[in-house]
Amino acid sequence: MKPAPVVLATNGPDRIKESSFEAKISNANFRRMVSSIRDVLFNMRDVLFVVALDPASMAYISPAYDTIWGRPREEVYDRLSAWLDYVHGEDREAVSAFFARCMQGMPLEMEYRVIRPDGVVRWVSARSFPVRDGKGKLVRVAGIAEDITERKEEDKALAETNSKLSNALKSAQEGERFNFAMAGVVDILQTCHTVDEAYPIAGNGLQKAIASEAGVIFMIAGSGDIVEAVSVWGGTNVASEKAFKPNDCWALRLGKVHRFWDSKSSLLCAHVRKPPPNGYVCVPMLAQGVAMGMLYVEGLSILERAFPGNVADPVRPFYGEAVAAAERLSLALANVRLRQELQRASITDPLTGLFNRRFMEAWLEREIARASRRGDPVSLIMMDIDQFKKFNDSFGHQAGDAVLRALGRLLQERTRTQDVVCRYGGEEFAYILGGASVGAARKRAEGLREDVKQLNARYGDTILGGITVSMGIAEVPSHGSNAEELFKTADQALYKAKNEGRDRVVVAPLTRHHAEPSELPVAASR
């Protein structure tokens, strides 16, 4: 006999009962599944809620509500709007309007405050999702409410810290020569786009700011096992090695400033070949408590120094300057590095490492404008993975991601310096070839198509082969004068390649000039 159908429904705050869900599993397995779901709901830190419509009522709200709101969920089951009573007075009107729009089926997100019975204010981030039936009718509204109080407190603390640092910098600019010089260095570093641009600027600035014979800015490589010089001043006679292991420096090993002026009373770092006659100081450069590099500074000769009484400790005259410089420099360079990473992240597809669509569209507009001034062509190759869905359906979406990553690496390896390759979206890619005619682009596309056929993506122990791509090619000025026309024409050529059997390259028909034999569409056999 066919088992009776069952479904999951909610009744009260915690109870889940069996009602109608067509299943082909045993009752024992079903009970275990229900128990697992109940455990998940009980242990969720976020509030999961489901609101039924006609009439509007709370169908389910998870136990986390009791913790965040500090109130029993039963009152929300009894009166749907009960949770609004504890929203902060300054937020209540906006939250009420937000909830009303949610009940109309709008997917929304909002942050607001709630006041617990003990007077504690908690920040909440709420998101709603409409639930519709097969006919598209709105039947429920579901959502998640997350306690973001700690994040808000951290943001506030970070803002206060940044404010204090900014005030300290302004105060330093009003100080003596060193402070003025360092402020100038920091100001310039704030405008740098990359650390490679910032390093020589920092070195030149420190040479003028610190009363020293020579110095080096060292940065710890990403692997963490090597310290490398990124900027050197004082000529070729700097006593320190230009690359060494972190343990070769006492400052990095101990995590604090290390000064050397006398081999009888202080330790010589292993990265210093020969003790400088006037001592040196190594200052760790820290970002959020983690060493990112080290500032190495050697003292001036006695004849060049005008610091009487410091012969016994030649490091003392520049010790404070080196420490202050390292502190300000580490913050400035950390900001440059962060901006560089954020900028890279904003224009890069995180899965493949290729540029994203946003960057591609902006780049193509600039490339077309540049090419039109010079009278050069610009070609666009639109590429799509054939039957990509089969990888997801057969092996799961992670396998599909593995295919995308493998193709991304291949395209990066096959891209010229002057060209740009991007992930356009989904399994579609775009390849911009500056200064390349449609014939050159077709040749490049054919080579890529053959390379892709040899590509094997690894997903766990599974080798995913049989990857092919279809491509469409268009060129400025032959197929249009702007990016929109070029995209449209190349995309049409791509669809034609798909319709003709996939695994092939199709060049769009020329619209402005007569087609030459070398520019006619090409179809590759599967």
Criterion: surrounded by fewer than 21 Cβ atoms within 10 Å (Cβ to Cβ), in contact (Cβ under 8 Å) with a residue 60 or more places away in the chain and closer than 17 Å to Leu331 by Cα - qualifying residue of Ala198, Ala291, Ala211 = Ala291
When you go through Ala126, Ala181, Ala145 one by one, which is the residue that is part of a helix (DSSP H, G or I) and either among the hydrophobic types (A, V, I, L, M, F, W, C) or modelled with pLDDT of 90 or more (or both)?
-> Ala181
If you take the residues in the stretch 408-464 that are over 27 Å from Ser372 (Cα atoms) and among the hydroxyl-bearing types (Ser, Thr, Tyr), which one is nearest to the chain's Cα centre (by Cα)?
-> Tyr459
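Which of the residues belonging to the stretch 496-526 are under 17 Å from Glu446 (Cα atoms) and either modelled with pLDDT under 90 or among the hydroxyl-bearing types (Ser, Thr, Tyr) (or both)?
Filtering the stretch 496-526 for residues under 17 Å from Glu446 (Cα atoms) gives 496-498, 500-508, 517-526.
Result: Pro517, Ser518, Glu519, Leu520, Pro521, Val522, Ala523, Ala524, Ser525, Arg526.
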Matching entry among Ile473, Ile463 (being in the same structural domain as Asp503 (by TED's automatic domain parsing), outside any loop (DSSP other than H, G, I, E, B), among the β-branched types (Val, Ile, Thr) and at pLDDT below 90) = Ile463
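Could you tell me whether Val230 is under 26 Å from Ala345 (Cα atoms) and touching a helix residue (DSSP H, G or I) at 6+ places or on another chain (Cβ under 7 Å)? I'd like the intermediate steps shown before the answer.
Details: under 26 Å from Ala345 (Cα atoms): yes; touching a helix residue (DSSP H, G or I) at 6+ places or on another chain (Cβ under 7 Å): yes.
Criteria met by Val230.
Based on what the data block shows, is Lys152 closer than 24 Å to Tyr65 by Cβ and assigned to a helix (DSSP H, G or I)? Full working, then the answer.
Values: closer than 24 Å to Tyr65 by Cβ: yes; assigned to a helix (DSSP H, G or I): yes.
When the stated conditions are applied, Lys152 passes them.
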For Met382: the one exception among (1) in a helix (DSSP H, G or I); (2) in contact (Cβ under 8 Å) with a residue 24 or more places away in the chain; (3) not acidic (Asp, Glu) | (1)
In the stretch 74-85, what residues are without any contact (Cβ under 8 Å) to a residue 40 or more places away in the chain and either more than 25 Å from Leu138 (Cα to Cα) or not hydrophobic (A, V, I, L, M, F, W, C) (or both)?
-> Glu75, Asp78, Arg79, Ser81, Asp85
Restricting attention to the stretch 220-258, and to residues there that are over 32 Å from the mean Cα position of the chain (by Cα), in a loop (DSSP other than H, G, I, E, B) and not acidic (Asp, Glu), which single residue is farthest from Gly205 (Cα to Cα)?
-> Cys249
List the pairs whose first member sits in the stretch 496-511 and is of a type in the set (A, V, I, L, M), whose second member is surrounded by fewer than 17 Cβ atoms within 10 Å (Cβ to Cβ), and whose Cβ atoms are under 6 Å apart, counting only residues at least 6 apart or on separate chains?
-> Val505/Glu446
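Looking at the structure I just gave you, is Gly375 surrounded by fewer than 16 Cβ atoms within 10 Å (Cβ to Cβ) and either among the aliphatic types (A, V, I, L, M) or free of Cβ contacts under 8 Å to residues at least 24 places away in the same chain (or both)?
Working: surrounded by fewer than 16 Cβ atoms within 10 Å (Cβ to Cβ): yes; either among the aliphatic types (A, V, I, L, M) or free of Cβ contacts under 8 Å to residues at least 24 places away in the same chain (or both): yes.
So Gly375 fits the description; yes.
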Looking only at the stretch 351-371, decide whether some residue is more than 30 Å from Arg409 (Cα to Cα), at pLDDT 80 or above and not basic (Lys, Arg).
-> no
Number of the exception - Gln398 against (1) crowded, with 16+ Cβ neighbours inside 10 Å; (2) at pLDDT 90 or above; (3) among the polar types (S, T, N, Q) = (1)
Does the stretch 86-129 hold any residues that are β-branched (Val, Ile, Thr), touching a residue at least 40 places away in the same chain (Cβ under 8 Å) and crowded, with 17+ Cβ neighbours inside 10 Å, and which are they?
-> Val114, Val124
Run Glu22 past the list (1) modelled with pLDDT under 75; (2) surrounded by 13 or more Cβ atoms within 10 Å (Cβ to Cβ) and report the number of the one that doesn't hold.
-> (2)
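The values are calculated or read from the model by the stated rules, or taken from the named source; none is laboratory data. As the structure is a prediction and not an experimental result, all values here were calculated from the model. Cβ: placed from backbone, ideal geometry, glycine included. Neighbour counts: every protein chain shown.
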